[in-house]
């Protein structure tokens, strides 16, 4: 006898309920699942078939059912198949542009919340001590140059530079050589006043052009310091009685909606560049006051060339730590694979 769609849904409901409660599951409990819309009698018949097929087991005549090893195996294989499909969908989001990365991170936060049943967050990658890779000046017309600025992470910024006089091609070439020779590989902190003075001296009458380009470089680096935080599953908090009272839940939900406090969580996670492992904050250890009754698990992901961000899971102190850590490690590997496949 094959498992049809109805039997699969009932089996999944039995296993999910048993995992949540640890108690044998009866037909009346399963009948409350909104997407089933089946009577208790129908569910009892289907559960009897599932027991006959070896997917669930009734310990006592009057008790509910629990999953067998065969049932767990079917459930896990189904999850793995679904996860592979989700990963495939994520890989279809080709990272040709920076804004594509935001779509991947939004999807990642959603998958993280769904797979753990907790609240999830993921920050956009920050580029700390970002370095300039290349500058290209090109003539646009008689009174303007286009500065193409490439910084770490292959982030490209364009800036139109006005000029008081028309520059010939030879002068533009010399300015390109001057700027790239002295600035390539430097962070914003390393482009100091002494270096700027030197560049202006060597630029001669084109000091204003050099000043404008340096300002554009600074703007390009600072632009990538803007932090985006994507969240999902905040309502999962209501599933846990110890967090679901109005005041506690409201504080946590507001934290996820306003996101300002989440920046501290991200900054704490990224504070030590050598810490790429998973960190666990329990109760009052959490850097966010509204999460003092929660456990918070964070990890740092890397996309290469200094691009680093934070993944976070927020749930009750009795969270399934092993599952959360495993899920986060898997997601970090997936982000790395997606980025490298499409870079």
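Odds and ends about this structure:
- Filtering the range 309-343 to residues that are at pLDDT below 80 and surrounded by fewer than 21 Cβ atoms within 10 Å (Cβ to Cβ) leaves 334, 336, 337, 339, 340, 341, 342, 343.
- Matching strands (runs of 3 or more DSSP E) fully within the range 139-257 where at least 3 residues are modelled with pLDDT of 90 or more and surrounded by 14 or more Cβ atoms within 10 Å (Cβ to Cβ): 229-232
- Here residue 115 meets the list (1) modelled with pLDDT under 85; (2) assigned by TED's automatic domain parsing to the domain that holds residue 261 almost entirely, failing just condition (1).
The values are calculated or read from the model by the stated rules, or taken from the named source; none is laboratory data. All of these numbers come straight from a predicted model, not from anything done at the bench. Note: ideal-geometry Cβ built from the backbone for every residue, glycine included; neighbour counts use all protein chains shown.
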